[in-house]
Amino acid sequence: MKRETREYNYDWMMWTIVENAAAAFDGSRKEYETLLRFIPNFRDSLDAIVRQGEPGVLLIKLMAKYLRNCINAPRQGKKTALTTFCFAPPVLYAFDVVPVVLEPMTVMGTFILQRGTAEYLDYCCEAGFTETSCSSQRGALGAYLAGLAVRPDFIICDSPGICDTNANSYSFASAYLGIPFYQLNYPSTLTGSRATDYHRQDFRGLVAFLEEQTGTALDIERFRQVIAEMRKQSVLISEFNELQRIVPSPVPGIFNLFLYSGNFLMGGTEDFTSLLESMLKTVRQNAAQGRAGTLSGRERARGFFSYIDHYTTDLRFWSFLERHDISHLGCILSTFWQENAPYSGDRPDSVYRVKDADLDDMIDSLALQVSRMPMVKSIRGPYDAPDMWLDDTLTMTRLLRTDFVAYFGTIGCRNTWGMVKPYARDLEREGMPTLILYADAFDDRVQSWEAVIDRIQEFLALRRIGAGRTA
Amino acid sequence: MIGKLKEAASTLSNPYLKKWKEAGKAVIGYPCTFVPEEIIHAAGMLPYRLRGVGTTSLSIGDTYFGPVICSFPKCVLQLAGQESYRFLDGVIITNGCDSMRRLDECWRKAEEDIAGILPGYFRYFGVPHKTASYSFDWFEQEIRELIRSIEEHFGLQITDSALRKSIRLYNSSRRLLQRIDELRSGPEVRISGQDALAVVLAGSSMPRERYTSILEGLVKSLESAPGRAEGKNRLMLVGSASDDLDFIRLIEDSGAIVVADTLCFGARSYSDLTDEKDDPVSALSRRYLSNSLCPRMFGYYRNRLSHILDKAKKARVDGVILQNIRFCDLHGSENGIFERDLERRGIPCMRMEREYGPLVETGRIRMRLDAFMERIS
């Protein structure tokens, strides 16, 4: 790692940049424009977010608050838990623990820092990782391993049984840093009493672990507040998903990023509720005007990104879709399987319900919520089994009337790379044009964004997707 | 005696297996040490560990698997697609790792294109990644369901008494393998690393009764065999699945002798025994799930480190080779921390990433081995 990279802590750098950006919105337009001159590496990303109006500003403020919490946790006597995006954070907020979520931290680095996260990615390899390990964790984890961030107190991950490379990153971090580790481990089935009982028992083990690590018992009132917030959020997310069904889709594509990053970082808090409410205001307005969420307000094609999105420098993926009138109708990360989600359809066992009659109910609600998180739900079993990836993708494509499906992943994703070819073939057999992209969503060095654009455009042209169509 | 075992270890279909099939008996394949072989044995069938021996192309493996996947399951699929695994009556796939568990879909999907390559019995067997009490309960239930499905499919019964008999037999062969391990890691080193691996590998593809009787004779002959260690660096081999005898030969040709290992094709498969007194299914669930020596068991790094340190001390090793198959991040990354923690204790290490299968990288590996020998000599 270069010496200058060691000059500042990674989380502190993110925080100062985002905090200043967030503060700029409280001033005048002139002040904001002046600020842009001082953040040449972040201005395009910031603009991609801010041009969405209030929801963009709220997202920046949410990120700033989240990062402030991370930085200040030790000073405030709060514990920090290094955790993963597919772990729902409400239980941590109920314990007043600050979640340090690696993958969103990596994303922030890719779109804020001049050189992205390359040096932190590589530092993980210096520390012992294989270079083929997942970039989504390595991008930020390199800083934590190098001591360039607040040292986490313990680790929680819920990817064993779901994604080896993800789980491996956290178990590596635990061994390397010498800090306690708790894993939620999932069986390959989602429903049925065996799986449900396992989820419950494992989650109760987590609650006991949190009590031990924080030295406090679960505060039921605080828990109840978090659960109440979760309930609101699940209703709002369902409405968001419902609105995506409209042709043209009134949802700006980047709102999917807002939705899942907000949920990964601050799910169960009022900040996330405010973000959702603000996004919905915009989307409802677009829907009332029959306007698509793209820059022009028109829709040429409807795409479902069946795994993750692409996050490298300047958020160019989102700008590309917006400019080309392609509606982003979500990805695996934006499906949370909450009760009343339009995609849950006739699969009531696939969703989670928020119950709060008593403590047991509340704990079970959280256990179910975590077990339905993105990736945790859909890729735990054979991709062609009921309730799994193919089933879920086909449900989404039919419900959303998509024109195509595209797969982005990382080079570390053994689990999906192990099955994505037959999965894509099955989708094609169902009449859904499907594109597998060989890029790494977090590391431009694997394939440049320009090469990715070429492939997407070639695919759209060859398959005549959206040809001559505007809505 | 070792010649017979080497022959069995070097080919997919060995004479013992052929004889077994000629007698009209069934063979069940499995890819990972977390599948209890005793269940298959108690059903009167031959448990056969899937391997990629003799693969010369990955044209089929690459068709179904993506590009960044471990070459071990790709080789297995390749052989299945080439109909080299026609002798299998069944296969049990397990989630040993993500690459391995997707063999389930890839094999099934390949069957759509190459009819007849999927055995009549094909089952996914889930193994938890932790050892909490409810994980043992879950695993025990999974074993009971496996038993039920084998009984249903093959129209037979797996009785408790048959299971107990199988457990005793497997324990006795594991004890013999442990004894061979002692002879291998002792001061004299009575058996080379290459031969020791061949002995273990043979056991995963031949009838256990015959295997055990061969082992008994082998132990006796090894006890008086001449030492092989003189002038050689004593090495330990750690990491990903490795069943390539030529790889060990290459190491030993460089002036070393492999006196210990923690490989799943090697010592990991016989390092512990099953309780013979307890309920057999419960005992099997404890024996197989407690084996946290594979990094798929997340959060047990300290156990694995102390296991390696213990072995390294007993075998008085001069160095450790930490190898992994490319894209095996579980072993590959953990090797990185092993390197840190072993070197800190004064044990020289060499990390090596390689492909599974026929040694196509001989030159590179030899050069690295030479450099390592120079360092530790």
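Overview of values
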read-out	value
Residue in segment B:275-299 that is nearest to the other protein chains (Cβ to nearest Cβ), counting only those that are assigned to a loop (DSSP other than H, G, I, E, B) and touching a Phe, Trp or Tyr at 6+ places or on another chain (Cβ under 7 Å)	B:Gly299
Residue match in segment B:160-174 (condition: under 24 Å from the mean Cα position of the chain (by Cα), of a type in the set (Gly, Ala, Ser) and either within 14 Å of chain A (Cβ to nearest Cβ) or under 30 Å from A:Arg204 (Cα atoms) (or both))	no
Top-ranked residue in segment A:147-187 [being of a type outside the set (Ser, Thr, Tyr), part of a helix (DSSP H, G or I) and closer than 16 Å to A:Cys86 by Cα; ranked as nearest to the chain's Cα centre (by Cα)]	A:Asn166
Residue that is farthest from A:Met108 (Cα to Cα) [pool: residues in segment A:41-70 that are in a loop (DSSP other than H, G, I, E, B) and in contact (Cβ under 8 Å) with a residue 40 or more places away in the chain]	A:Gly53
Residues of segment A:71-89 that turn out to be charged (D, E, K, R) and free of Cβ contacts under 8 Å to residues at least 12 places away in the same chain, as a count	1
Tally, over segment A:294-318, of residues that are crowded, with 24+ Cβ neighbours inside 10 Å, farther than 18 Å from A:Ile465 by Cβ and of a type in the set (Gly, Ala, Ser)	0
Residues of segment A:164-189 satisfying the condition of being buried (at least 21 other Cβ atoms within 10 Å of the Cβ), more than 7 Å from chain B (Cβ to nearest Cβ) and not polar (S, T, N, Q)	A:Tyr170, A:Ala173, A:Tyr182, A:Leu184, A:Tyr186
Odd one out for B:Ala110, checked against (1) of a type outside the set (Phe, Trp, Tyr); (2) farther than 16 Å from A:Pro422 by Cβ; (3) within 14 Å of chain A (Cβ to nearest Cβ); (4) surrounded by fewer than 24 Cβ atoms within 10 Å (Cβ to Cβ)	(2)
Answer residue from segment A:388-413, given it is among the hydroxyl-bearing types (Ser, Thr, Tyr) and part of a loop (DSSP other than H, G, I, E, B) and is farthest from A:Glu103 (Cα to Cα) among those	A:Thr402
Matching option when the condition is assigned to a helix (DSSP H, G or I), more than 14 Å from chain B (Cβ to nearest Cβ), more than 23 Å from the chain's Cα centre (by Cα) and surrounded by fewer than 20 Cβ atoms within 10 Å (Cβ to Cβ), among A:Gln201, A:Gln213	A:Gln213
Positions within segment B:46-64 being more than 19 Å from A:Met419 (Cβ to Cβ) and among the aromatic types (Phe, Trp, Tyr), in sequence order	B:Tyr48
Residue list for segment B:305-332, filter: in a helix (DSSP H, G or I) and touching a residue at least 12 places away in the same chain (Cβ under 8 Å)	B:Leu305, B:His307, B:Ile308, B:Leu309, B:Lys311, B:Ala312, B:Lys314, B:Leu330, B:His331, B:Gly332
Failed condition for B:Arg302, given (1) within 14 Å of another protein chain (Cβ to nearest Cβ); (2) assigned to a helix (DSSP H, G or I); (3) surrounded by 18 or more Cβ atoms within 10 Å (Cβ to Cβ)	(3)
Test: residue in segment A:117-136 that is of a type outside the set (Lys, Arg), more than 14 Å from chain B (Cβ to nearest Cβ) and in a strand (DSSP E or B)	no
Among the residues listed as B:Leu309, B:Leu322, B:Leu330, the single one being surrounded by 15 or more Cβ atoms within 10 Å (Cβ to Cβ), under 23 Å from B:Gly186 (Cα atoms) and either within 14 Å of another protein chain (Cβ to nearest Cβ) or touching an Asp or Glu at 6+ places or on another chain (Cβ under 6 Å) (or both)	B:Leu322
Only one of A:Asp309, A:Asp314 that is assigned to a loop (DSSP other than H, G, I, E, B) and in contact with a helix residue (DSSP H, G or I) (Cβ under 7 Å, 6 or more places away or on another chain)	A:Asp309
Search result, residues across segment A:363-410 that are surrounded by 22 or more Cβ atoms within 10 Å (Cβ to Cβ), over 18 Å from the mean Cα position of the chain (by Cα) and either at the interface with chain B (Cβ under 9 Å from one of its Cβ atoms) or on the phi > 0 side of the Ramachandran plot (or both)	A:Gly381, A:Tyr383
Enumeration of residues in segment B:234-248 that are surrounded by fewer than 22 Cβ atoms within 10 Å (Cβ to Cβ) and modelled with pLDDT of 95 or more	B:Arg234
Residues of segment B:156-204 classified as charged (D, E, K, R), part of a helix (DSSP H, G or I) and surrounded by fewer than 22 Cβ atoms within 10 Å (Cβ to Cβ), total	8
Neighbours by Cβ (under 6 Å, 6+ apart or cross-chain): first from segment A:182-200, farther than 22 Å from B:Gly299 by Cα; second hydrophobic (A, V, I, L, M, F, W, C)	A:Thr189/A:Ala195
Residue match in segment B:77-87 (condition: among the basic types (Lys, Arg) and either touching a residue at least 60 places away in the same chain (Cβ under 8 Å) or at positive phi (or both))	no
Members of segment A:262-291 that are part of a helix (DSSP H, G or I), of a type outside the set (A, V, I, L, M, F, W, C) and surrounded by fewer than 24 Cβ atoms within 10 Å (Cβ to Cβ)	A:Glu270, A:Asp271, A:Thr273, A:Ser274, A:Glu277, A:Ser278, A:Lys281, A:Thr282, A:Arg284, A:Gln285, A:Asn286, A:Gln289
Any hit, segment A:218-228, residues being outside any helix (DSSP H, G or I), touching an Asp or Glu at 6+ places or on another chain (Cβ under 8 Å), within 11 Å of chain B (Cβ to nearest Cβ) and not basic (Lys, Arg)	no
Breaking point among (1) buried (at least 21 other Cβ atoms within 10 Å of the Cβ); (2) assigned to a helix (DSSP H, G or I); (3) in contact with a strand residue (DSSP E or B) (Cβ under 6 Å, 6 or more places away or on another chain); (4) not charged (D, E, K, R), for B:His153	(1)
Scan of segment B:49-68 for residues that are under 19 Å from the mean Cα position of the chain (by Cα) and either among the hydrophobic types (A, V, I, L, M, F, W, C) or more than 26 Å from A:Ile411 (Cα to Cα) (or both), ordered by number	B:Arg49, B:Leu50, B:Val53, B:Gly54
Criterion: within 11 Å of chain A (Cβ to nearest Cβ) and surrounded by fewer than 21 Cβ atoms within 10 Å (Cβ to Cβ) - qualifying residue of B:Ser133, B:Ser99	B:Ser133
From B:Ser269, B:Ser285, residue being surrounded by fewer than 23 Cβ atoms within 10 Å (Cβ to Cβ) and not basic (Lys, Arg)	B:Ser269
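The values are calculated or read from the model by the stated rules, or taken from the named source; none is laboratory data. Just so we're clear, the structure is a prediction, and the values are computed from it rather than from any experiment. Please note: Cβ atoms are built from the backbone with ideal geometry, for glycine as well, and neighbour counts cover all protein chains shown.
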